[in-house]
Structure formats: C-alpha cells, structure tokens
Amino acid sequence: MQHFTMNNGADIPALGFGVFQMTSKEVEEHLPQAIAAGYTHIDTANAYFNEVAVGRAVKASGAKREDLFVTTKLFPQSYPYEQCARDIDATLERLDMDYIDLLLFHQPYGDYVSGWKAMEEAVAAGKVKSIGLSNFPVHKIRQILDVADITPAVLQVEINPYWNQHALKSELADLNLVFEGWYPLGHGDQTLLAEPVFARLADKYGKTAAQIILRWHLQEGNVTFPKTCDPQHIKDNIDIFDFALADDEMAEINALPQRPYYTVPEEAPDFVLRHNDYSQQV
Ligand SMILES: NC(=O)c1ccc[n+]([C@@H]2O[C@H](COP(=O)([O-])OP(=O)(O)OC[C@H]3O[C@@H](n4cnc5c(N)ncnc54)[C@H](OP(=O)(O)O)[C@@H]3O)[C@@H](O)[C@H]2O)c1
C-alpha cells in the first residue's frame, strides 16, 4: 500500500474503503473482505450511522488496530466546543476504539471555529491522531486558521476526473494539505466510466476503466476510498499499484471538461441542520 505524508508528519494510506450509504449489515459483510484484500484505511462518519458496524467488522477481521487507519467525521450539531468534546468520546464508544486516526469536520456550517479547539484538545489527549476538514471552502478554512494551533492535515472534497480541483489545490498550496477525493468514481456515474480515454488506457494497461481512474487519483496525489459492495470491485480497486500512467495520459485525463456533481452551498441546507440521533444505527 502506498502512503502520503501529511503536514503533521503522519502517514496516510493512499487508498481506503469508503462506507457511505452502506447499511451496518453491508459493512459487516464487506469491510472484513476489504481488509482481507489488503485495505488498511476506512472512511466513515457519524452521519453514515454505521460506526458501530465498522468497529465490529474491524474486530471480526482480526486485523490489529495499529495496522489500520480509521477516519470518521463529526456533523455540525457536534461542533460547539463543549458538545464537540462529548461527541468525540461518543464516537470512540460507537467505534469501540481507543483512538481515531483522522477526525474531520464533515460540513462547513455551524460553530466550527469553537469546535476546532476541542479537536486540538482531543489530539493532545491522544484520542485523535490527526484532524482535518471536509467540504470547507477557502474562506471558512481561513477562519479556522485564525484560531488554530494545529493546521488541518487533510481536506476531503469532491474530486474525480470531471472535477480535478486543480484550482482549489493551487489556492491552498501554502497549507500543504493532503487532498482526499469523495465521489472518486463519480458515485458510479456510467458516463464517466465510459469516457473513451479510460477504455483506451484500460486496454493498453490490461486494467478496467475504474482502475485507470483510481490510478489517475494516486498520481494526482489524491487519497481515495471508493465505495463498493461487489467483491470483485473490492479486489480491483486495490490492484492499481503495478502500473503507471504516462505524463501525456495524465494530461489527457485532466483535459476532460470540468464540472462538479455537487456544489456545496454557502448556507446550510436542511439535511445538515437536522439533529441526528447516532444511537439509531442503520
Ligand atoms: N465527505 C463527504 O461529504 C463525502 C461525500 C460522499 C462520499 N464520501 C466518501 O467517499 C466514499 C466514496 O464515495 P461514493 O461512494 O459516493 O462514490 P464512488 O466511490 O465514486 O462510487 C461508488 C459507486 O462506484 C461503483 N464502483 C466501485 N468500484 C467500482 C469498480 N471497480 N468498477 C465499477 N464500478 C465501481 C459502486 O458500485 P458497486 O457497489 O457495484 O461496485 C458504486 O455505485 C464514500 O464511501 C465516503 O467514504 C464523502
């Protein structure tokens, strides 16, 4: 497994297993398959309502905790400083783990400025190893930096060949963030997977279109965690370390027309303001 090094000196596995929109039953079935196939990195969130299953599946896999890299995320209801400290403890309880490798603020709304202090205190207490942000625009990242002692280690945003985020990466280059890409395969968009450039490169390298896209991510420096419940895709998605795309092939992929699948609104949408009860795992 290839790793990237974050701005705090810690390593992060370049490829992981994302469990967004997986039921607890699916997590308990497929996460041990992924770990057996060689995945060491898991991406979940409070708002995926499957952290209890992630904890169980990790135990069932027989993997040592220190050999895994577990990311989870807090939703805005958890950001106010005192609430944040409590909800980090509740998250650890649901996962049944002593520490979280990477904890993110999931959405850029609410009291993320006061909460960042609680995130830093969780790092000092050894409950969390690294902290970062997801879906935050530049101006909200800078609000956190104004009060931060710890610079976010990662920014998790939509990244795929239709939205390569080169502009955002340039704008934030001074922070030396690791970029993590959600919707790495376009959330399963068949139009993306059927782009002729991927078919041609798949044929050349003896890979699938999805593997070409995941290899492009790796060479772009993006951490990804494609989601799949298909045992063959679980194996395929981690089988991307034995070939390399040439510079002109990377450039051809980066020349695809750019548009995001989802634009993160400036004001909180309704689904983010809803109060979640995480004791109700699905
Ligand atoms: N921070 C955020 O706001 C945020 C938002 C969205 C996602 N995420 C994270 O990013 C992860 C991935 O995002 P996502 O699940 O939305 O989208 P994705 O990984 O881009 O796409 C998942 C889809 O791709 C298909 N797929 C996977 N491997 C494939 C392969 N080898 N060949 C063909 N199809 C394949 C899957 O179907 P099969 O099951 O049939 O393989 C599924 O329909 C999530 O699980 C989550 O961890 C974070």
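Just so it is clear, none of the values below were taken in a lab; they were calculated from the coordinates. Quick caveat: nothing in here was measured; it's all calculated off a predicted structure. Ideal geometry is used to build each Cβ from the backbone, glycine not excepted, and the neighbour counts take in all protein chains shown.
Here the condition is being part of a helix (DSSP H, G or I), of a type in the set (D, E, K, R) and either touching a Phe, Trp or Tyr at 6+ places or on another chain (Cβ under 9 Å) or under 23 Å from Leu177 (Cβ atoms) (or both); of Glu66, Glu93, Glu121, Glu82, it holds for Glu121 alone.
Return yes or no: is Ala14 in contact with a strand residue (DSSP E or B) (Cβ under 8 Å, 6 or more places away or on another chain), within 18 Å of Leu133 (Cβ to Cβ) and either more than 16 Å from the ligand (Cβ to nearest atom) or small (Gly, Ala, Ser) (or both)?
Judged against the criteria, Ala14 is not a match.
If you filter the stretch 7-36 down to residues that are in contact (Cβ under 8 Å) with a residue 40 or more places away in the chain and among the small types (Gly, Ala, Ser), you find that the one that is nearest to Tyr183 (Cα to Cα) is Gly18. If I go through the stretch 246-275 residue by residue, how many of them are farther than 22 Å from Val157 by Cβ and touching a residue at least 24 places away in the same chain (Cβ under 8 Å)? Count: 3.
Could you tell me which of the residues Phe179, Phe225, Phe198 is under 23 Å from Ala53 (Cβ atoms) and either among the polar types (S, T, N, Q) or surrounded by 20 or more Cβ atoms within 10 Å (Cβ to Cβ) (or both)?
Working: Phe179 fails: under 23 Å from Ala53 (Cβ atoms); Phe198 fails: under 23 Å from Ala53 (Cβ atoms).
Exactly one residue qualifies, and that residue is Phe225.
In the stretch 228-282, of all residues being within 30 Å of Gln83 (Cα to Cα) and either touching a strand residue (DSSP E or B) at 6+ places or on another chain (Cβ under 7 Å) or among the basic types (Lys, Arg) (or both), the one that is farthest from the ligand (Cβ to nearest atom) corresponds to Arg274.
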